[in-house]
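Just so you know, all these numbers are worked out from the coordinates, no wet-lab data involved. Being a predicted model, the structure only gives us computed values, none of them experimental. Counting neighbours? That spans all protein chains shown, and the Cβs are built from the backbone with ideal geometry, glycine included.
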Amino acid sequence: MPLTKAALVQVLFEKEILSKADAARAVDTVFGLIKQALASEEDVLISGFGKWTVKDKRERRGRNPQTGQDLTINARRVVTFKASGVLRRLISEYTTKHPRMAK
Amino acid sequence: MNKSQLIEGLAKAEGLTLKKAEMVVNTLFENMTDALVENERIEIRGFGSFKVKSYDGYQGRNPKTGEIIEVGEKKLPFFKVGKELKERVDRLD
């Protein structure tokens, strides 16, 4: 089961930080603010977790891998995420302690 | 935008104290971190999803010296942008 917004709302409620209704609004607002920043080309940095960056991609020539046909891939703007060093370390340390999780 | 600006934005939008907003933001990212550490996926509709990808080790080369080096296998969190966010960011105006 993946972690979803509903699960995050439940955690805020169980830890008695907010009521269920307020927690639901707060979770939506947090992701809404991050989306808004990225939509206005602003990078978002959450220390200890990672950074989202907006990148401009130039137009380039590509090929449809199914038909082999040449085509032009239009210029576009994309979001990339880079995990912080802390998060990377936590993930690899856990793997070392729990070798069965390695693959 | 950094974490304290996100906390301020949340406090303002929801009428929460800064302390409360900080607890909310910290709790969210701590739980997301725990999920990834335990190799669990995260799915936030409209925003994106995270999963941990495993990369096999490989033999690499130091491009400067040509020296052969062993790169061990590693696990890295990968973020896939959700449809709504992807479209909002790509809207070239």
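So the values come out like this:
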| read-out | value |
| --- | --- |
| Any chance B:Ile42 is farther than 27 Å from A:Glu42 by Cβ and touching a strand residue (DSSP E or B) at 6+ places or on another chain (Cβ under 7 Å) | no |
| Strands (runs of 3 or more DSSP E) fully within region A:16-101 counting 3 or more residues that are within 10 Å of chain B (Cβ to nearest Cβ) | A:44-46, A:50-57, A:76-83 |
| Members of region B:37-68 found to be acidic (Asp, Glu) and over 25 Å from the mean Cα position of the chain (by Cα), listed by number | B:Glu67 |
| 2 or more residues more than 7 Å from chain A (Cβ to nearest Cβ) and buried (at least 17 other Cβ atoms within 10 Å of the Cβ): qualifying strands (runs of 3 or more DSSP E) within chain B | B:48-55 |
